[in-house]
Amino acid sequence: MRIIALAGNPNVGKSTVFNALTGLHQHTGNWSGKTVSNANGTFNYNKTNYEIYDLPGTYSLIPHSKEEEIARDFLCFDKYDLVIVVCDAVCLERNLNLVLQTLEITKNVIVCVNLLDEAEKKKIKINLSRLSQILGVPVVGTSARNKKGLDNLLKNLEAKNFNPYQVKYSEKIEEAINELICLIKDKVKNLNSRWVALNLINYDECLYQKITDYLNFDLLKEKEIKEKLLSIKKELNLNIKDEITDTIIKKAEEISKEVITFESKDYNLKNQKIDRIITSKLFGIPIMLGMLFIILWLTIKGANYPSNLLFNIFNNVGKNLLDFLNFLNAPSWLSGILISGIYRVLTWVIAVMLPPMAIFFPLFTLLEDLGFLPRIAFNLDCAFKKCCACGKQALTMCMGFGCNAVGVSGARIIDSPRERLIAILTNVFVPCNGRFPTMITIITIFFVGINSNNTFLSVFILTLVILLGFLLTFLVSFFLSKTLLKGLPSSFTLELPPYRRPQVGKVIIRSIFDRTIFVLGRAVMIAIPAGALIWILGNIQINNMSLLNYIANFLNPFAQTIGLDGVILISFILGFPANEIVIPIMLMIYLSTGQIIEFESLESLRKILIENGWTIKTAICMLIFSLCHFPCSTTCLTIKKETGSFKWMILAIFLPTIIGIALCFLVNQIFNFL
Amino acid sequence: MFLSDMQIGDKGIIKKLNVNGNIKRRLQDLGLIEGTYIECILKSPFSDPSAYLIRGALIAIRKEDGKNIEVELICE
């Protein structure tokens, strides 16, 4: 078994190369920071087993953000046989920076110049064999998206005896390095002694600590080394760090001048024209809102018909199943749990969730593939800066639309820990895919009318709800920056990648199979026990009242003050494992107590709700509360994991809940007043 | 002249980086050092941040950081 690490700048197609080699389906997207943790897979080539790690993108090996640290630590301290440094052919010069730094750590490097097709379109020519000659390691050209050049990459996996190029620093630094190497070479175990020496001179507190931990030995405690280092520092000037970095960058520049030819100067013009419009004062914000509106419109419009169809099918099947169980003389409690409990909740979740997700996810992935998301962050950064937060928070919010847990872990792309926490704590204000269907259902029933085909109005209302979520995100970010997480906005850089034509077919298939089925699967796993539990709670009677009713009655007085009722509140609480099941739970509780027992369509749902005292006010409060309440259990666990603290998780639970309660209370008061 | 003063279409050479710490490292990673050729490509709707072409990649930098980076314009 040989272990391979895939390293490279962000957004150069590491995950695409990874997928092409392993046949796995690691999610890819056209923006920096897609991969936030190591993914690994295996493959077999020429009778050898390979284990391959897809590292998060990194610009250099002195890390700034958490996901870069993961990559750096792996390259510096983990055991592997080979590193493939994936480079972007379009901006190879900057990528060479990382290549040169990697060559300082390990000999066994293959350089994979990816996105050759894109470079070709932009008339950029790269002399790969010359590059290989200069670097002293194999250089392979690929365009992994089209699976070109991968054979060549595979062939080179067996290459041996590299003679990697080492960056030569100024004479004084080289002298210092050599002196240090003599002192430390017996003490650094597997680490490259030149690299350790260089990093003693180019001292970084955090990296030094890691080296000490790895060696289990503090090099600077050794008197000889410490004194040598002190005298070196005296000799060299203060800007030693800059000198080292500049040397590498200049070398990269020199190499690229030798191997790259630009045949056309204006290779970026088309991209820039589009960008000028998308980021213009006049159209920038309207285009983004328009995009949001169109996506929601397509989702709602498109989901309507299949949803109803699924309802009908599931209902008929349900009736037949019930008949079948009766035919078998199954006891009524059993058919109750199976059909009224599990089957009903399960089919509801599928009928309501599947169609919108199957439309939303592919659309969203298309935008992601295209490279549109970083432009959103670019346009909105100013607003985030005013809240003392980071523009990249917009990217984590975009991810939150899919799943808040993904949004929370995606916050690793934000360098400053303070701004990262803000992004994590506010992510729940973006309605995730588990909450969309709930909102759409309520909007359709109460604001638009089931039979009126006024999709426009429902989309408009949903957009308003989402905008309210954005507003809350900004307000809460601002509030946190002024109180708990005091601080000034830190500096940031954001890469705007070139637009890439999305691979439509692949995007649709992958987003349906990987995302939709995954999210739906999770909902189904929770819906099954939840359905059974609720049926049991609803059917255990004490003094002619079910347990559920006792709980609901207990919660009712409080729920009424915030415009909801006890049943809704209990549904949200029971929906903690997955927001998708809030409405089905609510429905089951109503059904177990109300007159209507059959539930066939949105129309009957409407009747059930109105019979249970729902008004426009209830609907508004329900919408607000589904936007602002505690995150689902998966998100909570992710928050705990990402912040490493129970305290922040508790805050992440209380913050939105309190805001939700306050807003609902306010709405209730306004309605009472009217 | 400073980076933050550049208008869309302006081209220049970096003269001096008066920034420190993290952002300095970050800019260096992106290949932005003294002597680097830079071109201002975009301004966001609220005119901050701006995006610059640096060694073939389009990078957004905030005004706060840009005003500490000295640039010499190239006239054509």
Report task. Collect the residues in the range A:145-175 that are of a type in the set (Lys, Arg) and either at pLDDT below 90 or within 34 Å of the chain's Cα centre (by Cα) (or both), keeping them in residue-number order. Result -> A:145, A:147, A:148, A:155, A:160, A:172
**Report entry** Pick from the range A:278-292, criterion crowded, with 17+ Cβ neighbours inside 10 Å and either without any contact (Cβ under 8 Å) to a residue 12 or more places away in the chain or among the aromatic types (Phe, Trp, Tyr) (or both), ranking: farthest from the other protein chains (Cβ to nearest Cβ)
**Finding:** A:287
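Of a type in the set (A, V, I, L, M) and closer than 23 Å to residue A:259 by Cα: does that describe residue A:176? Working first, answer last.
Numbers: of a type in the set (A, V, I, L, M): yes; closer than 23 Å to residue A:259 by Cα: no.
Judged against the criteria, residue A:176 is not a match.
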Report task. Note down all Cβ pairs under 6 Å where the first residue falls in the range A:373-390 and is without any contact (Cβ under 8 Å) to a residue 12 or more places away in the chain, the second is surrounded by fewer than 23 Cβ atoms within 10 Å (Cβ to Cβ), and they're at least six residues apart or on different chains. Result -> A:382/B:46; A:382/B:48
Requested in this report: Kindly check whether there is at least one residue in the range A:49-68 that is outside the structural domain of residue A:214 (by TED's automatic domain parsing), surrounded by fewer than 23 Cβ atoms within 10 Å (Cβ to Cβ), without any contact (Cβ under 8 Å) to a residue 24 or more places away in the chain and part of a strand (DSSP E or B).
Outcome: no
Report task. Answer with yes or no whether residue A:306 is in a helix (DSSP H, G or I) and within 14 Å of chain B (Cβ to nearest Cβ). Result -> no
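Check every one of the helices (runs of 4 or more DSSP H) wholly within the range A:365-429 and list those with 1 or more residues that are at pLDDT 95 or above and among the hydroxyl-bearing types (Ser, Thr, Tyr). If you could, list the steps in order and put the result at the bottom.
Working: elements: A:373-386, A:393-402, A:404-410, A:417-426.
The helices (runs of 4 or more DSSP H) meeting that bar are A:417-426.
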**Report entry** Verdict on residue A:179 being buried (at least 23 other Cβ atoms within 10 Å of the Cβ) and out of contact with any strand residue (DSSP E or B) (no Cβ under 7 Å at 6 or more places or on another chain)
**Finding:** no
Query raised in the report: Only one of A:161, A:152, A:108 is of a type outside the set (D, E, K, R) and not assigned by TED's automatic domain parsing to the domain that holds residue A:69; which?
Result: A:161
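In the range A:139-154, what residues are buried (at least 20 other Cβ atoms within 10 Å of the Cβ) and in contact with a strand residue (DSSP E or B) (Cβ under 6 Å, 6 or more places away or on another chain)? Lay out the reasoning, then the answer.
We begin by selecting, within the range A:139-154, every residue buried (at least 20 other Cβ atoms within 10 Å of the Cβ); these are A:139-145, A:149, A:153.
Selection gives A:139, A:140, A:141, A:142, A:144, A:149, A:153.
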Requested in this report: Enumerate the pairs (first residue in the range A:113-133 and over 19 Å from residue A:146 (Cα atoms); second residue anywhere and surrounded by fewer than 19 Cβ atoms within 10 Å (Cβ to Cβ) and polar (S, T, N, Q)) with beta-carbon separation below 8 Å, excluding pairs fewer than 6 apart on the same chain, so at least 6 apart or on different chains.
Outcome: A:127/A:261
Query raised in the report: Restricting the first residue to the range A:604-631 and requiring it to be part of a helix (DSSP H, G or I), which pairs with a second residue that is of a type in the set (Asp, Glu) meet a Cβ separation below 7 Å and a spacing of at least six or different chains?
Result: A:604/A:598
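Quick one: in the range B:25-35, of everything that is within 8 Å of chain A (Cβ to nearest Cβ) and surrounded by fewer than 21 Cβ atoms within 10 Å (Cβ to Cβ), which residue is modelled with the lowest pLDDT? I'd like the intermediate steps shown before the answer.
Just the residues of the range B:25-35 that are within 8 Å of chain A (Cβ to nearest Cβ), to begin with: B:25-31, B:33-34.
Keeping just the survivors that are surrounded by fewer than 21 Cβ atoms within 10 Å (Cβ to Cβ) gives B:25, B:33-34.
Values: B:25: 83, B:33: 90, B:34: 91.
The extreme case among them is B:25.
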Requested in this report: Would you confirm whether any residue within the range B:3-16 is out of contact with any Ser or Thr (no Cβ under 9 Å at 6 or more places or on another chain) and at the interface with chain A (Cβ under 9 Å from one of its Cβ atoms)?
Outcome: no
Query - Candidates A:405, A:411 - the one that is assigned by TED's automatic domain parsing to the domain that holds residue A:368, buried (at least 22 other Cβ atoms within 10 Å of the Cβ) and farther than 18 Å from residue A:361 by Cα - result: A:411
Query raised in the report: How many of the residues in the range A:573-588 are within 26 Å of the chain's Cα centre (by Cα) and crowded, with 24+ Cβ neighbours inside 10 Å?
Result: 5
Query raised in the report: Of all residues in the range A:383-402, which are within 14 Å of chain B (Cβ to nearest Cβ) and surrounded by fewer than 24 Cβ atoms within 10 Å (Cβ to Cβ)?
Result: A:383, A:385, A:386, A:387, A:388
Report task. Filter the range A:305-316 down to the residues that are free of Cβ contacts under 8 Å to residues at least 24 places away in the same chain and surrounded by 12 or more Cβ atoms within 10 Å (Cβ to Cβ), then identify the one that is farthest from residue A:340 (Cα to Cα). Result -> A:309
**Report entry** the range B:47-66, subset in contact (Cβ under 8 Å) with a residue 40 or more places away in the chain and more than 7 Å from chain A (Cβ to nearest Cβ), residue nearest to residue B:16 (Cα to Cα)
**Finding:** B:66
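So that you can scan it fast, the table gives a plain yes or no per residue for (1) of a type in the set (Asp, Glu); (2) at pLDDT below 85; (3) more than 19 Å from residue A:437 (Cα to Cα):
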position	(1), (2), (3)
A:574	no, no, no
A:577	no, yes, no
A:587	no, yes, no
A:594	no, yes, yes
A:599	no, yes, no
A:602	no, yes, no
A:606	no, no, no
A:611	yes, no, yes
Report summary line: Checked against (1) assigned to a helix (DSSP H, G or I); (2) of a type outside the set (Ser, Thr, Tyr); (3) surrounded by fewer than 19 Cβ atoms within 10 Å (Cβ to Cβ), residue A:296 satisfies every condition except (3)
Query raised in the report: From the set of residues in the range A:221-244 that are free of Cβ contacts under 8 Å to residues at least 24 places away in the same chain and within 40 Å of the chain's Cα centre (by Cα), which is nearest to the other protein chains (Cβ to nearest Cβ)?
Result: A:242
Report task. Could you check, for the range A:270-289, whether at least one of its residues is part of a helix (DSSP H, G or I), within 31 Å of the chain's Cα centre (by Cα) and aromatic (Phe, Trp, Tyr)? Result -> no
Query raised in the report: From A:460, A:447, A:479, which residue is modelled with pLDDT of 90 or more, more than 22 Å from residue A:404 (Cα to Cα) and surrounded by 15 or more Cβ atoms within 10 Å (Cβ to Cβ)?
Result: A:460
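Tell me which residues, restricted to the range A:237-269, are of a type in the set (A, V, I, L, M, F, W, C) and crowded, with 16+ Cβ neighbours inside 10 Å.
Applying the first criterion (of a type in the set (A, V, I, L, M, F, W, C)) to the range A:237-269 yields A:238, A:240, A:244, A:248-249, A:252, A:255, A:259-260, A:262, A:269.
A:240, A:244, A:248, A:249, A:252, A:255, A:259, A:260 - these are the residues of the range A:237-269 that are of a type in the set (A, V, I, L, M, F, W, C) and crowded, with 16+ Cβ neighbours inside 10 Å.
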**Report entry** Among (1) within 30 Å of residue A:577 (Cβ to Cβ); (2) within 14 Å of another protein chain (Cβ to nearest Cβ) - the single one residue A:497 does not satisfy
**Finding:** (1)
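In the range A:353-411, how many are among the aromatic types (Phe, Trp, Tyr) and within 20 Å of residue B:49 (Cβ to Cβ)? Full working, then the answer.
To start, the set of residues in the range A:353-411 that are among the aromatic types (Phe, Trp, Tyr) comprises A:360-361, A:364, A:372, A:378, A:384, A:401.
Those left that are additionally within 20 Å of residue B:49 (Cβ to Cβ): A:372, A:378, A:384.
Final tally of qualifying residues: 3.
The values are calculated or read from the model by the stated rules, or taken from the named source; none is laboratory data. What you see is a predicted model; the values in this text were computed from it and never measured. Positions of Cβ are backbone-derived with ideal geometry, glycine not excepted, and every protein chain shown enters the neighbour counts.
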